[in-house]
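Take a look at the structure set out below.
Laboratory data are not the source of any read-out in this text; all were calculated from the coordinates shown. All figures in this text were calculated on a predicted structure; none of them were measured in a lab. We place every Cβ from the backbone using ideal geometry, glycine too, and count neighbours over all the protein chains shown.
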Amino acid sequence: MDLKDKLLSSFLAFENNVDLDHPVHEVRSEAIKTFEEKGFPSKKEEAWKYTSLNNLQKVDFSIFPKEENTLEFRDIKKYFLHEIDTYKIVFIDGVYSSYLSETTHDGVDVCLMSAALTKPQYKPVIDVYFNKVASKDESLTTLNTAFSREGAYIYIPKNKVPKKPIQILHLATGNEAAVMLQPRNLIIAEENAELQVIERHQSLTKNEVFTNSVTEIFAAKDAIVDYYKVQNDANTASLVDNTYISQKDNSVVRVHTFSFGGKLTRNNLNFYQNGERIDSTLKGVTILGEKQHVDHHTLVHHANPNCESHQDYKGIYGEKSTGVFNGKIIVDRIAQKTNAFQQNNNILISDKATINTKPQLEIFADDVKCSHGCTIGQLDEEALFYLRSRGIPKKEATALLMYAFANNVLQSVRIPELKSRINKIIANKLGVRVGFEL
Amino acid sequence: MAYTEEELKKELETKEYEYGFYTDIESDTLPKGLNEDIVIAISKKKEEPDWMTEWRLEAFRAWKEMEEPEWANVNYEKPNFQDISYYSAPNKKPKYNSLDEVDPELLDTFKKLGISIDEQKKLTGVAVDIVMDSVSVATTFKKTLAEKGIIFCSISEAIQEHPELIKKYIGTVVPQKDNFYAALNSAVFSDGSFCYIPKGVRCPMELSTYFRINQAGTGQFERTLVIAEEGSYVSYLEGCTAPMRDENQLHAAVVELIALDNAEIKYSTVQNWYPGDKEGKGGVFNFVTKRGLCEKNAKISWTQVETGSAVTWKYPSCVLKGDNSIGEFYSIAVTNNYQQADTGTKMIHLGKNTKSTIISKGISAGHSQNSYRGLVQVNSRAENARNFSQCDSLLMGNRCGAHTFPYIEAKNKTAQIEHEATTSKIGEDQIFYCNQRGIDTEKAIALIVNGFSKEVLNKLPMEFAVEAQKLLEISLEGSVG
């Protein structure tokens, strides 16, 4: 049985465990129909030209974990940003772990999707926001929508700021041979609210994991959302991350994606600007080796005047890794005075590495400033020589230059501890220890 | 003269197609429709050898299995391939030895087009192989060229007289089954140009062909083959205008360039086919496959000015097979009213130290859509490949669109690839600056557009540069909204 059929039949089992009368279930049934029609995307589709899910579909994933697993904090401490105090929402094999988590209802809601989807007090919010910005015809998104039950639910009311950043951690224990996870997150920042989220997916063993995650983010007027995705997973873990962001007037949303690992990672990051004077920032650092594959697929839809977007993706590709960047900016006819900027720089450090990049502009308004730049190149030989002539070994010199290359992106990280953590991961990745932080 | 924007816009919109006329020449036309019999009939009419007929049939069979491509960013009503007549030749020939023998009506047409043959012959030194309704009727300067060993003739003539060259090279760069339109062209091509430059010869003049579409309901399927032997050089010009017509006309040409070791080919195009009226009715469909193959140290340079056609779908490409070969692409694409253009290039780096440059300027006005679509591919063995791409778009008014779809694929760590794109409009301050200095708005726009396109215009041979500038002015002046 292929994965699609398996998912379709699992849906029937899934229905036994959820409230069929809840309006959300209608959304789910609608979504499974769409998925049934579309199936998994193939390489024939333009959006999936460079990324194939064929191998994943051959794996016999278990759709629902059979048993609940527990983990000790000390075993997984290193996956947290533990230097600072944070709210934590932790899932083990897709199941919420109350023991490891720290949620709150104190003025703000940092809790669970399962609660939000079932408890009546959340219904007004769910009615307004759930599945409202997520695509209704992208097949993997609809697949997630159909199975949406668990994930993080964050609601920040007007003028509120949570006391500390929020960490969302998805752990896979590998107690089963292969598991498929479908977390569904909903994040709402009401007017003038502000929050910071760090999200990480981590597999703890060599067993295969396939995560198909959907996150919806709503930023109301004047809201500020910082979202950090840390992707440094095991080489047997695959992730399709679908993030949909809807922004209102004057809001600022910044999404940073740090891709350092995983077997196959696909980031679908979609910004929809539904107001004026909006600022959207999309940044990413990708450093890959082995046979890893990362595909960044971004969309910024400028639908209103006077908005800005900034995109900056840097990639370093070694060994047999493959990098894909597909950035699309759409500027609608009415979106005059748009300022859209997109940059993608890549360094290939191995003969076997591949980079495919496709920055696209679709512009229908005339009074706009839109540009994109894209480069593929090597480290500057002369800069390398300069460093080495001053006694810095080649390896360290190379690492220094790569740091410098990625630094633009790191500069806008607003949690210092996270920044130094990312620096450490980069150092690890490059196999060096430079005695200072950049 | 003080124009207001409104007036300007109106004038531009009502500006009728300047070269829209229709010559009444009896044509020898095949019945509409396409099947194996038609393909054989075309081949027979051209008195082609059997291998050529078979080659066409092979292409036709492949075409039948293919589907029309839909990936381009254009919308149009698909042509009905069974409603097209695939062959029409001006009836009143045989070939002429001197211009006096040519049908005066035809000469008149040329005059309207501004290609007075005798004048060109004497003044510009350009050998013109005029293609009218698919059969070449006049070839000049053949003698001068023949002395150097250069073969410049219609492709049907070449099939008769130089079958060994045709057999060796046709379909090597654009195979019959390459794509839907290339297959169609391979099956039914009626005529085109053939050019062969022998080893070490530098072609003394710019070779040029003028294509025209005439005769209602006739599709035009040109096939051009240019072969530059080792160490040779040729500059080839191609220009087009078409009569006004209400129903859409299909044009699916194939151009193959072969530059052997150390050879250089410069291929320039000015395309000004009927773009349809201001409501977007009528106009030519231009679905062209152009590709060049570079051997060692060879260079192919494509320059194009695209102002016409209702729908353009065109990607002149370079396969940089030999080490140290160079590919260049310079393009200006102007769209107005309801025109749609999806154009760009492909640079395939296979050899070591290969270089490519892409400069693309898109100008859209009215309700038009202008897309750049390009591929830069560096293969794993292409050490030290270098590419620079620049795509600039200029938008006039807020009802048009400018799009860029660059594909960049690198499989070699020594590759250096740069791509940049910008989108902008003509600044009010720029126009104001010109107005201040006594330059009216219309002129100011022409000035700015010319400046915007200068990098590409500079690459055109003299004869074309003037014409191209004129075209830009006709297509755009004052269309700022």
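Taken one residue at a time, the phi angles of the range B:383-390 give Karplus couplings (6.51, -1.76, 1.60, θ = phi - 60°) of 5, 6, 6, 9, 9, 10, 10, 9 Hz. Gly and Pro are set to x. Comparing A:253, A:125, A:197 in a Gaussian network model of chain A, where Cα atoms under 10 Å apart are tied by springs, the biggest mean-square fluctuation is seen for A:125. Scanning residues 5 or more positions from residue A:328 or on other chains, those with amide H under 5 Å from its amide H are A:298, A:299, A:300, A:360, with H placed 1.01 Å from N in the peptide plane. Scaling against 2.2 N^0.38 Å puts the C-alpha radius of gyration of the range A:1-114 at 1.39. Structure note, pairs A:158/A:337; A:248/A:328; A:369/B:361; B:78/B:314; B:266/B:314: Cα-Cα distances above 25 angstrom occur for A:158/A:337. Set against the 2.2 N^0.38 Å expectation for a compact globular protein, the protein assembly as shown has a Cα radius of gyration ratio of 1.05. Report summary: the helix-based calculation at 222 nm, which adds -39500 (n - 2.57) for every DSSP H run with n ≥ 4 and divides by the residues of the protein assembly as shown, gives -7000 deg cm²/dmol. Less than 5 angstrom separates the built amide H of residue A:39 from none of the residues sequence-distant by 5 or more or on a different chain.
Of the trypsin sites (Lys or Arg not before Pro) in the range B:388-477, the ones in a loop by DSSP (not H, G, I, E or B) with at most 13 other beta carbons within 10 Å are B:437. Looking at chain A, identify the longest residue range that excludes and avoids all GluC sites (Glu not before Pro) in DSSP loops having at most 15 other Cβ atoms within 10 Å. Between the exposed loop sites, the longest stretch runs A:84-275.
Across the options A:156, A:140, A:196, the greatest Cα extent toward the positive end of the charge dipole of the range A:139-199 (unit charges at beta carbon of Lys, Arg, Asp, Glu) belongs to A:156.
Computed on chain A, with alpha-carbon pairs under 8 angstrom and 6+ residues apart, the relative contact order is 9 percent.
The three principal axes of the Cα atoms in the range B:332-468 give end-to-end lengths of 56, 31, 28 Å, sorted in falling order. For the range A:1-63 versus the range A:306-362, the spacing of their alpha-carbon centroids is 29 Å. Here the Karplus relation 6.51 cos²θ - 1.76 cosθ + 1.60, evaluated at θ = phi - 60°, turns the backbone of the range A:77-92 into coupling constants of 3, 5, 7, 8, 8, 8, 5, 10, 7, 9, 6, 10, 10, 10, 10, 10 Hz, with x for every Gly and Pro. By the beta-carbon count within 10 Å of each Cβ, the least crowded to most crowded order of B:312, B:422, fewest first, is B:422, B:312. Rounded is the label for the range A:3-274. Its Cα gyration tensor axes, ordered a ≥ b ≥ c, give a/c under 1.5. The trypsin sites (Lys or Arg not before Pro) of the range A:308-401 that DSSP puts in a loop, and whose beta carbon has at most 16 other beta carbons within 10 Å, are A:320, A:333, A:337, A:352, A:390.
Between A:298, A:118, A:265, the residue with the greatest mean-square fluctuation in the GNM of chain A (Cα pairs under 10 Å linked by springs) is A:118. Its residue count N fixes a reference of 2.2 N^0.38 Å for the range A:383-438, and the Cα radius of gyration divided by that reference is 1.15. Distance from the alpha carbon centroid of the range A:207-222 to that of the range A:241-303 works out to 11 angstrom.
Between the amide H of residue B:270 and those of B:238, B:239, B:240, B:305, distances stay under 5 Å, these residues lying 5 or more places away or on another chain, with hydrogens modeled in the peptide plane.
Taking 26 Å as the straight-line reach from the Cα of residue A:77, the lysines in range (excluding those fewer than 8 positions away in the same chain) are A:66, A:88, A:163, A:164, A:206, A:229, A:263, A:419, A:424, A:429. Counted over the protein assembly as shown, the DSSP beta bridges are approximately 10% antiparallel.
When you filter the trypsin sites (Lys or Arg not before Pro) in the range B:243-339 for DSSP loop state and at most 14 other Cβ atoms inside 10 Å of their Cβ, you are left with B:281. Of the residues A:422, A:397, A:409, the one whose Cα sits farthest towards the positive end of the charge dipole of the range A:383-438 is A:397 (charges of +1 on Lys and Arg Cβ, -1 on Asp and Glu Cβ, taken about the Cα centre).
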